[in-house]
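The values are calculated or read from the model by the stated rules, or taken from the named source; none is laboratory data. Every value quoted in this text rests on a predicted model; they were computed, and no experiment measured them. Cβ sites come from the backbone with ideal geometry, for glycine too, and all protein chains shown count toward neighbours.
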Amino acid sequence: MKQKNVVRSLFVALLIAAFPLAALAEVNLLNVSYDPTREFYQDFNASFARYWQKKSGETVVVKQSHGGSGKQARAVIDGLGAAVVTLALAYDIDEIHDKAKLIPENWQKRLPNNSSPYTSTIVFLVRKGNPKHIKDWNDLVKPGISVITPNPKTSGGARWNYLAAWAYALKQKGGNEAKAKEFVTRLYKNVPVLDSGARGSTNTFVQRGLGDVLLAWENEAFLAVNELGKDKFEIVVPSVSILAEPPVTVVDKVVDKKGTRKVAEEYLKYLYTPEGQELAAKHYYRPTDKKVAARYARVFPKVKLVTIDGEFGGWRKAQKTHFADGGVFDQIYAPGK
Amino acid sequence: MKIMRLKSLKMEGGVLPGFGPTLGYTVFYLSLIVLIPLSALVFKTMSLSWHEFLAEVTSARVLASYRLTFGTAFLAALVNAVFGVLTAWVLVRYRFPGKKVIDALVDLPFALPTAVAGITLATVYSGNGWIGRYLEPLGIKVAYTPLGILVAMTFIGLPFVVRTVQPVLEELEAEVEEAAVCLGANRWQTFRRVLFPTILPALLTGFALAFARAVGEYGSIIFIAGNMPMVSEITPLLIITKLEQYDYAGATAVASVMLGASFILLLAINLLQWSSRRYAER
């Protein structure tokens, strides 16, 4: 009887001792990302966990957090312990340096391609058969066309939309700043609803049946067509669009405190490997790896793409000129116009 | 019976122990939950100079959003006051099959996540929705207009008036009305002189709660408002917009103005309620 008790208590003691050991062998990472990457990172995290288990024997569990890009950046600034951030635009990550000094200023130089392992662009989603014959940006400013796009002041994706339209106007014959401003003003006069985020706009267009054309992330447009039926929507690729680079970085202060720098860096590097690139392409992000890109060339149409650095002098400048309070976008809606 | 209970309570000094500790806990609790976060808000606003603060909170877009937010919240609370009293009356005075279900239905806007409410309302009232498709041909657009905001605010404020007026009506015995009728009062007089003064304090409380809730609402309105600058942009959205630009000081400045205005309005309603209660007691 007594012996049985001893055995039992030993067993319990063993269990208690083993518990923290099990916890030690498991590494936790938090990836703070933006809205449309949810499905991609689910697949990617599983793939990385297998890779890392094989390589180091450690079990890594990557937790995901998704939301509007700006909101996510603010959460990290306010202390959400993100090991890595993978956001919609560099400006939001810049703020993590500016406001909280969690990362060095040159963070974007640390990984290839401006720290953007995959890219995307802005395309049009129109209703089946393209009843309003929308082919390019200049069709969007015609009277009677209703354009759905979110509010650039609250949505990262919407800023890419706006800048792509601006870039198109600049590239036209005799295009200049004043003409571009007039062009986007006319464009936004055709916008009946400004949702606060990209998914909200997709819903307005798809579920509520509002608008003739939706300006969308390429991956969101593919998702809408493939999930909701090829018989309902078509993708139209404009003559000029913008190269959207959603960048990634390790959050230095967090990984150094938790001692997870190595695995976090490996996690981001894995995004650049053929496996990671393949997964990105499967989820309709344009891969940067040449070989993978060649394999998916059929999926992604060739577009003339301008870059934010080349055309707008970087995000900080674009943000200040166009989207800050009193900037060009606010002037479009200034009273008396 | 009532007098006896009052007396016994007075002798023991109430069920809860002593004035000191209870007030202490109240102050501590209020500070922790309400005052400390709010003072942080004011503190953050202080990083602006007085001039910047004024420019921030009186820009044309912000002013338009105040008008929209407070105006529609007031209208929504008014609608709820009228129909809330009616609902409470029906629930108290009549017995009918399915009464329990209707009673429970009233609380639903409390329980529903506001985003769900917003998406549902937008679906129903948009041009291809169940209700919207019949209103649109009549030239009435609800979703993505200020009218949509009113609908959402009315929806989320519905339970307040019903739930504050209901217990008062329950306590009001039908004999009081009968007595009034016996003394020669007609229906309107009975309502105005007997019923209304009794329920007025509770009605004002319900109105104030519904109003405050509507002013602060964000989640449901955002989906149905359309969010066009100067037209259908509510103040909470402007605050979020400022946060999105990492303009913490600007956001808190607008928020503190909103807070101040709400506080003054609620205080005014409470004073009104207090005087109406004195009137009713006379």
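Points to keep in mind about this one:
- Counted residues, the stretch A:86-101 - those being out of contact with any helix residue (DSSP H, G or I) (no Cβ under 6 Å at 6 or more places or on another chain) and either buried (at least 24 other Cβ atoms within 10 Å of the Cβ) or more than 20 Å from residue A:318 (Cβ to Cβ) (or both): 3
- Within the stretch B:210-251, considering residues that are more than 7 Å from chain A (Cβ to nearest Cβ) and polar (S, T, N, Q), the one farthest from residue A:189 (Cα to Cα): B:220
- Residue match in the stretch A:135-158 (condition: away from chain B (no Cβ under 14 Å), part of a loop (DSSP other than H, G, I, E, B), within 28 Å of residue A:320 (Cα to Cα) and not aliphatic (A, V, I, L, M)): yes
- Residue within the stretch A:217-236 that is within 14 Å of another protein chain (Cβ to nearest Cβ), surrounded by fewer than 22 Cβ atoms within 10 Å (Cβ to Cβ) and either more than 24 Å from residue A:161 (Cβ to Cβ) or in contact (Cβ under 8 Å) with a residue 60 or more places away in the chain (or both) present: yes
- Flag for residue B:79 being farther than 24 Å from residue B:205 by Cα and either of a type in the set (Asp, Glu) or at pLDDT 90 or above (or both): no
- Residue match in the stretch B:115-127 (condition: more than 14 Å from chain A (Cβ to nearest Cβ) and closer than 30 Å to residue A:193 by Cβ): yes
- Condition met for residue B:271 (part of a helix (DSSP H, G or I), within 14 Å of chain A (Cβ to nearest Cβ), more than 30 Å from residue B:131 (Cβ to Cβ) and without any contact (Cβ under 8 Å) to a residue 12 or more places away in the chain): no
- Checking each residue in the stretch B:207-236 for being hydrophobic (A, V, I, L, M, F, W, C) and under 24 Å from residue B:46 (Cβ atoms) picks out only B:215.
The rows are residues; the columns are (1) surrounded by 21 or more Cβ atoms within 10 Å (Cβ to Cβ); (2) among the charged types (D, E, K, R); (3) under 22 Å from residue A:46 (Cβ atoms); (4) touching a helix residue (DSSP H, G or I) at 6+ places or on another chain (Cβ under 7 Å).
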position	(1), (2), (3), (4)
A:250	yes, no, yes, yes
A:297	no, no, no, no
A:305	no, no, no, no
A:329	yes, no, no, yes
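Condition check ((1) in a loop (DSSP other than H, G, I, E, B); (2) farther than 28 Å from residue A:171 by Cβ; (3) within 14 Å of chain B (Cβ to nearest Cβ)) across all residues:
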| site | (1), (2), (3) |
| --- | --- |
| A:241 | no, no, no |
| A:255 | no, yes, no |
| A:264 | no, yes, no |
| A:284 | yes, no, no |
| A:294 | no, no, no |
| A:330 | no, no, yes |
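- Residue count, the stretch B:23-82 (criterion: under 18 Å from the mean Cα position of the chain (by Cα) and either closer than 19 Å to residue A:324 by Cβ or touching a residue at least 60 places away in the same chain (Cβ under 8 Å) (or both)): 14
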